[in-house]
Amino acid sequence: MHYLWEQMRGAIPLIAHGDPYIVGLLWVTIRVAVVSTAAALLIGLPLGLALGLGRFRGRRALQILANASLALPPVVVGIAVLLLLLPHGALGSLQIEFSLNAVYIAQTILALPYVVALTPAAIQGLPPGLLVQARALGAGRLQLSGLALREAKIGMIAAVIAALGATISEVGAVVIVGGNFQGHDETLASALLEQFNYTAHEPYATAIALVLLALILVLAGLLTVLQQRTQGIQLRFRAA
Amino acid sequence: MRLIWDELGKALPMIFHGNPQLLDVIWFTVQVAVVATAAATLIGLPIGLALALGRFRGRNLLRALANASLALPPVLVGVFLFILFSPAAPLGFLHLIWTRRVVFIAQTILALPFVVALSAAAIQALAPGLLAQARLLGAGRLQVSMLALREARIGVIAALIAALGTSLAEVAAVALLGGNIYGYDQTLASATLYEVGGGYYADAVAIGIVLIVLILILMCGLGVLQQQGNGIRMRFRSAA
């Protein structure tokens, strides 16, 4: 126990005094989570609404595909994005390999399945008569979408929290695509991988772990409160 | 696009000619996934049953905790175990850091929330009268448990598939605790990280392809189950 105590004693002052390296990591992590979740919402919400409300052939197959995409291994997404962004790759002219921009792209792709798959799940959980009635009363596509989103808002918030949680704790794609450059495109989670690989007993590593834990606890707490309210919607982060 | 074709052109022969390094990594990954899932099932299924069937105080709190544990980032679990197992720590005498054994231990712990939380959820989703009736007819604890498992088998199998998927794709805890040592304790996911870090993109692509094929096989199993179990929806936490 003495050992654990020593670890804590080194770590707490770093957090309490706002060590610039740790504050920087926190800032990058939050930026990556917010930007990629927002981008995933922009791209994914129309797709999710189409899957949840649309009545077209192949919708079930697409929905199974969307559910399956939640299982995409982040390292595979990472290597695919990297090959596109490397100098000789299809998007090599952008020159954003091993940068924060590349991390945004990879994390957006990893957040997308949460929005696309969980939106229809939330909408399909609505009482069956509701949307039919709105349609019968002459609601247009846009009005119907607005109504569905408003009614399914708890499920939607849960999806957003799940996407945030995934982007915060994901490691594999961030390291591959960003190169894990200290103080540049490292997140809290990817920094932990680095810190513990090479300098195992740094108080920094423990401090970073504590900050990440606090961040996840806040999100998990929010999710638990939502779950208590919505009985039965079960979400979890893909942590990485 | 040329880069992608080039790397694919080098990667595919590695897979088809059964590159021995690659075969070793595949074998170790499958071993880890199967052993960890089996161990997690042995430990977790009784806990899941108790959470779903038991009638004791604090049950709801424990259920919420089990659900929340799905959100734990693997990298944090890795850090926690690292601190626990490092030489100066309470369990340091076990000499587990940077061994194959610790990879099995870490993946078992990461698979546990899936078995506990998802099997409990599957049992709770059974028709409400069923278990009450069995109890009323005098079924003992063991008999009720067996009945619940038999009736909720689709959900329970889905939980096991989710656990398998996590152990296949997880990277952070494996790399951190096992040290990602070439030719020794690398899994497919952590080997991808390693090969990209060294600039061996073709090797990384080959490993990534094998990983995604394994995940696809699991997802197909899950898809078949979903068609049968209508409405059970599960997903992997893939890992980092």
With on the phi < 0 side of the Ramachandran plot, in a helix (DSSP H, G or I), loosely packed, with under 12 Cβ neighbours inside 10 Å and more than 14 Å from chain A (Cβ to nearest Cβ) as the only criterion, which of B:TRP27, B:TRP5 stands out? B:TRP27
If you go through region B:204-213 one residue at a time, do you hit one that is outside any helix (DSSP H, G or I) and not β-branched (Val, Ile, Thr)? no
Number of the exception - B:LEU61 against (1) more than 13 Å from chain A (Cβ to nearest Cβ); (2) part of a helix (DSSP H, G or I): (1)
All positions within region A:188-210 that are buried (at least 24 other Cβ atoms within 10 Å of the Cβ), at pLDDT 90 or above and at the interface with chain B (Cβ under 10 Å from one of its Cβ atoms): A:LEU188, A:ALA189, A:SER190, A:ALA191, A:LEU192, A:ILE208, A:ALA209
Might you let me know whether region B:123-145 holds any residue that is under 21 Å from B:ALA38 (Cβ atoms), small (Gly, Ala, Ser), outside any helix (DSSP H, G or I) and out of contact with any Gly (no Cβ under 9 Å at 6 or more places or on another chain)? no
Hits in region B:169-200 (condition: facing another protein chain (nearest Cβ under 7 Å) and either touching a residue at least 60 places away in the same chain (Cβ under 8 Å) or among the aliphatic types (A, V, I, L, M) (or both)): B:ALA169, B:VAL171, B:ALA172, B:ALA175, B:LEU176, B:ALA189, B:LEU193, B:VAL196
Does region A:168-177 contain any residue that is of a type in the set (S, T, N, Q) and surrounded by fewer than 18 Cβ atoms within 10 Å (Cβ to Cβ)? no
Of the residues in region A:14-25, how many are part of a helix (DSSP H, G or I) and either surrounded by fewer than 19 Cβ atoms within 10 Å (Cβ to Cβ) or without any contact (Cβ under 8 Å) to a residue 60 or more places away in the chain (or both)? 6
Among the residues of region A:39-69, the number that are touching a residue at least 24 places away in the same chain (Cβ under 8 Å), surrounded by fewer than 19 Cβ atoms within 10 Å (Cβ to Cβ) and more than 27 Å from B:THR166 (Cβ to Cβ) is 1
Of residues in region A:66-99 being in a loop (DSSP other than H, G, I, E, B) and facing chain B (nearest Cβ under 7 Å), the one nearest to A:ALA121 (Cα to Cα): A:LEU70
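The values are calculated or read from the model by the stated rules, or taken from the named source; none is laboratory data. What you are looking at is a predicted structure, and each value in this text was computed from that prediction instead of being measured. Please note: Cβ atoms are built from the backbone with ideal geometry, for glycine as well, and neighbour counts cover all protein chains shown.
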